[in-house]
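Nothing in this text is a laboratory measurement; each read-out follows from the coordinates by a stated rule. The model shown is predicted, which means the values in this text are computed figures rather than measured ones. Please note: Cβ atoms are built from the backbone with ideal geometry, for glycine as well, and neighbour counts cover all protein chains shown.
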Amino acid sequence: MPSRGLVFAALLVAALPVAAAATSIADIVDHPDTYAGTQVTVVGTVTQQPLGYLGESLYTITADNRRITVVSGQAPPAAGDHLQVSGNVTVKPPDEEFTWPPVIRETARQPAP
């Protein structure tokens with residue numbers, strides 16, 4: 001029969017949150033309709049100067065020579081920050097003149113591991 005300590009340790013490990021697997025920015029950009037409306041986690045580096053206005057911010061995150069725009073309800077991160085960003089993918093339908101790229105509406109942000 002297992003000891004109480006072993007059972008407690010097994011329960012503790014089982015209760016630990018599982019890290020979300022990162023989705024490739026290239027996959028989202030190449031197949032936006034597949035990801036539209038879904039929650040994703042991406043890892044990349046903030047490029048260009050982020051914009052912030054009235055508590056909202058807009059920044060671009062890049063990985064493997066691909067980029068995606070992130071809209072956030074927080075202050076913008078600094079250019080060069082390496083982040084793990086989670087959020088919902090939004091895709092605006094194309095019009096006669098332009099196919100809009102996908103955008104991530106941020107729900108969480110933390111330094112990348």
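Other residues within the sphere of radius under 14 Å centred on the Cβ of ASP30, judged by their own Cβ, net out at -1 (K and R +1, D and E -1).
Cβ under 14 Å from SER72's Cβ, SER72 left aside: what net charge do those residues give with Lys, Arg +1 and Asp, Glu -1? Show your work: numbers first, answer last.
Details: positive: ARG105, ARG109; negative: GLU56, ASP81, GLU106.
Overall, the nearby charge balance is -1.
Using only side-chain charges placed at the Cβ, +1 for Lys and Arg and -1 for Asp and Glu, the dipole size of the stretch 20-111 relative to its Cα centre rounds to 320 debye.
Note down the Stokes-Einstein diffusion coefficient of the stretch 20-111 in µm²/s, whole number, using a Kirkwood radius over alpha carbon pairs, 20 °C, and 1.002 mPa s.
Working: Rh = 13.1 Å.
Result for D is 163 µm²/s.
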